[in-house]
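What follows is a single structure, written as structure tokens, with notes after it.
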Protein chains: 2
Amino acid sequence: MRKIFGGALLLFAGCAQAQPAAENAPHFRSGDRLQRPANYREWVWLSSGLGMSYLAPEEASANPAFDNVFVTPAAYRAFLQTGKWPDQTMFVLEVRASQSKGSINQSGHYQGALMGIEAEVKDERRFPGKWAFFGFQGGADSAGAFPKSQSCYSCHAEHGAVDNTFVQFYPTLLEIAKQKGTIAH
Amino acid sequence: MRKIFGGALLLFAGCAQAQPAAENAPHFRSGDRLQRPANYREWVWLSSGLGMSYLAPEEASANPAFDNVFVTPAAYRAFLQTGKWPDQTMFVLEVRASQSKGSINQSGHYQGALMGIEAEVKDERRFPGKWAFFGFQGGADSAGAFPKSQSCYSCHAEHGAVDNTFVQFYPTLLEIAKQKGTIAH
């Protein structure tokens, strides 16, 4: 199964709507359940990949999905200045199906139906390892953190270029991290 | 050659930096030369495709590029409300090389070097057809509009789902346009 942040992805309906800027921070309720961010499509987009996988091409999916990564605007601006992620940084990974033929397009891939969203949050007081990962399955409006035993935690810690995040796949931020000397792996 | 907005794309250096919100409108100088928007990476991202082409798969490039589309935030918010693009709407199409193997990634594609940027601007008083297209070649900081004879004008007019724009390739906005009944093609 395709995993980046580590959660199962289920199809759900709905699309992002405009929300006030106050929504651009992680909100928790009922303890440590993260509220699904309604306006992540208005955050700063970092990059998109198609069919990114740990698997070799011959083992990978014949129906590749797009992964779109967004980060909260305040965290983005801090990163431009420092090459580091401040407390309360939140990422959303949005996964969408790909399509090939439609309108004038005859080959290659463009984006289609939403397949799921996951989140990665830095909260130094709330989480022992500072970061936690969440999957909003089936259109849920809140999610508890994945258990620390999930591979997302160890993979991000061991392979994320900067502080548990895959900055190596975000070309404009990779340049910043190189300039600031903040690349760990 | 791969074309969406219709201009030749040349490699150039540089990356987006944070800019004040006042930069989020088209700026012209020396008559109708559009200033290259410095902060388009902080606008609202609409979608990304990989290797999108008018050509059949067997004729398409073996080295597909990513195309990333951004729109000015005020125009995006207006579209959410109306399903239409207001005057002073500006799009940027950013083209980046794709890469397949790096870090933990073994297959699929992620984004690499910047190959070029183009822009599409709606200015009802400045342009006879309301919209014009620009290519910032070789890292130029301003660009004149492509001539009306370029195929970008006729293709966007004839095939763009909403008002000269390819909303059919922007899944969240396509839902809005369907709700608002603003799809032309």
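Quick notes on this one:
- A:F91 vs. criteria assigned to a strand (DSSP E or B), surrounded by 20 or more Cβ atoms within 10 Å (Cβ to Cβ) and facing chain B (nearest Cβ under 9 Å): no
- Residue match in region B:147-163 (condition: part of a strand (DSSP E or B) and touching a strand residue (DSSP E or B) at 6+ places or on another chain (Cβ under 7 Å)): no
- Against the numbered list (1) within 17 Å of B:S103 (Cα to Cα); (2) surrounded by fewer than 18 Cβ atoms within 10 Å (Cβ to Cβ), A:N164 comes up short only at (2).
- Test for B:R41: is it farther than 19 Å from B:D163 by Cα, in a helix (DSSP H, G or I), of a type outside the set (S, T, Y) and in contact with a helix residue (DSSP H, G or I) (Cβ under 9 Å, 6 or more places away or on another chain): yes
- Any hit, region B:60-77, residues being part of a strand (DSSP E or B) and over 17 Å from the mean Cα position of the chain (by Cα): no
- Residues being under 17 Å from A:A78 (Cβ atoms), within 14 Å of chain B (Cβ to nearest Cβ), in contact (Cβ under 8 Å) with a residue 40 or more places away in the chain and within 15 Å of the chain's Cα centre (by Cα) - total across region A:127-180: 5
Since every read-out is calculated from the coordinates, none of them should be taken as a lab result. Quick caveat: nothing in here was measured; it's all calculated off a predicted structure. Using ideal geometry, Cβ is built from the backbone for each residue, glycine included, and neighbour counts are taken over all protein chains shown.
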